[in-house]
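The block underneath contains the structure these notes are about, expressed in structure tokens.
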Amino acid sequence: LGIYRLQQYAQALGYNQPSGIELPGESSGLIPDPTWKRIYQGENWSTGDTYLASVGQGYVLATPLQVLMSAATIANDGRQMQPTIIHDIVDGEGNVIQPFTPRLRWDITTDPVIKDFLCENGECISTGIMKTVSPAAVQEVQAGMRLAATDPSGTLNHSFSFLNYPIAIAGKTGTAEYCDDVANAKGVCKPGDWPAHAWTMAYAPYDNPEIAILAFFYNAGEGGRVAAPTVKAVMNAYFELKAIDAAQGLTGNP
């Protein structure tokens, strides 16, 4: 696939750019390429750099929001929605003057947002063609994320997370090795035994998603053991509150 193509697909999912959410100081993250490495590291790109980037390590940087957006895009059949912290805008008397309206950023299965490259002998040149992603490819990723919660070896299918969970969920855990200035100063960046961030993302219900949750723990170790229980707790709370609301509706309570 190569780093240039990886970078294009990552950007289509929301990485390497700010989302535009209404919060100050949002980071763009980083999906590196050979030009970036030559400028900022003074070194040539290696095949190992591509391997590391493909699993979200090495020079790759991502915000929790970007990871959540990428997974939500897959859950939403390739449609990426604009994230926002604003629902309705009201006036001083509480009247809605601007109701919430979901806004589609793009659909990776219909909007050509991926730049095509011709790669030979490690060199890649843009063809000038823009591509989409096959719906079948999105479905394959969805199926893989479902297996993370249903397959016996799936990282979400353990007693400490979503084993026998009553609602069909899909997701992904992450144990991302890193070495930043803090870890380096503490002397914990040891080859073969790197410190790691703990990630877990899950959405539900699988066939008709309505909620996506992400938990990130800095320098906390294995994602499935550390972050997954938090995602499960939030998921439980969401569906419990939904059940309460439904019960109140059935009994005529406000």
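Percent relative contact order of the stretch 1-67, based on C-alpha pairs within less than 8 angstrom and at least six residues apart? All intermediate terms of the calculation are to be shown ahead of the outcome.
Working: 67 pairs, mean separation 22.6, N = 67.
Relative contact order of the stretch 1-67: 34 percent.
Considering only protein heavy atoms and a 1.4 Å probe, what is the carbon-and-sulfur percentage of the accessible area of the stretch 134-253?
Of all accessible area on the stretch 134-253, carbon and sulfur atoms account for 56 percent.
Counting Lys +1, Arg +1, Asp -1, Glu -1, what net charge surrounds Ser70 among other residues with beta carbon under 13 Å of its beta carbon? Don't skip to the end; give the middle numbers.
On the way: positive: Arg79, Arg105, Lys172; negative: none.
Surrounding charge for Ser70 is +3.
Please report the spacing between the Cα centers of the stretch 128-172 and the stretch 185-254 in Å, no decimals.
A separation of 15 Å, based on Cα centres.
Suppose a student asked you for the relative contact order of the chain, using Cα pairs under 8 Å spaced at least 6 residues apart; what percent would you report?
Values: 405 pairs, mean separation 33.1, N = 254.
Normalised by residue count, the contact order of the chain is 13 percent.
Along its three principal axes, how long is the chain when you only count alpha carbons? Whole Å, largest extent first please.
Per principal axis, max minus min of the Cα coordinates gives 68, 42, 40 Å.
Rounded to the nearest 0.05, what FRET efficiency do Leu52 and Asp91 have when you use their Cβ-Cβ distance and R0 = 35 Å? Each step should come with its number before you reach the end.
Numbers: r = 51 Å, r/R0 = 1.47.
About 0.10, to the nearest 0.05.
At 1.4 Å probe size, with every protein chain present, just tell me what the per residue accessible area of the stretch 49-173 comes to in Å². Let's see the in-between values first.
Numbers: 7270 Å² over 125 residues.
Here the residues of the stretch 49-173 average 58 Å² of exposed surface.
Would the stretch 1-81 count as rounded, prolate or oblate if I go by the C-alpha gyration tensor, calling it rounded below 1.5 in a/c and otherwise prolate when a/b exceeds b/c, oblate otherwise?
Oblate is the answer for the stretch 1-81, as a/c is 1.5 or above yet b/c matches or exceeds a/b.
Rule-of-thumb check for the stretch 35-102: C-alpha Rg over 2.2 N^0.38 Å? If you can, show how the numbers build up before the last one.
Numbers: Rg = 19.9 Å, N = 68, 2.2 N^0.38 = 10.9 Å.
Compactness ratio reported: 1.82.
Can you tell me how the stretch 1-44 classifies by the Cα gyration tensor, rounded, prolate or oblate, using a/c under 1.5 as the rounded cut? Provide the component values of the computation, followed by the final result.
Numbers: a/c = 5.63, a/b = 1.52, b/c = 3.70.
Judged from the Cα gyration tensor, the stretch 1-44 comes out oblate (a/c at least 1.5, b/c at or above a/b).
Translational D (Stokes-Einstein, µm²/s) of the stretch 44-152 at 20 °C and 1.002 mPa s when Rh comes from the Kirkwood sum over C-alpha pairs?
In µm²/s, the coefficient is 123.
Between Ala185 and Ala243, what FRET efficiency follows from the Cβ-Cβ distance if R0 is 51 Å, with the result rounded to 0.05?
Details: r = 48 Å, r/R0 = 0.94.
That pair, Ala185 with Ala243, gives E of 0.60.
Could you tally the net charge around Asp33, taking each other residue with its Cβ under 11 Å from the Cβ of Asp33, Lys/Arg +1 and Asp/Glu -1? Mind dumping the intermediate values first?
Numbers: positive: Arg5, Lys37, Arg38; negative: Asp49.
In short, +2.
Going by a ≥ b ≥ c, the root eigenvalues of the Cα gyration tensor, does the stretch 110-249 fall in the rounded group (a/c under 1.5), the prolate group (a/b larger than b/c) or the oblate group? Each step should come with its number before you reach the end.
Details: a/c = 2.31, a/b = 1.18, b/c = 1.96.
Oblate, since a/c reaches 1.5 and b/c is not below a/b.
The values are calculated or read from the model by the stated rules, or taken from the named source; none is laboratory data. Note that the structure is predicted; figures quoted are calculated from it, not measured. Neighbour counts run over all protein chains shown; Cβ positions are idealised from the backbone, glycine included. The protein model used for the area step is the full one, side chains on, heavy atoms only, and it has no ligands, DNA or RNA in it. Shrake-Rupley method; radii C 1.70, N 1.55, O 1.52, S 1.80 Å.
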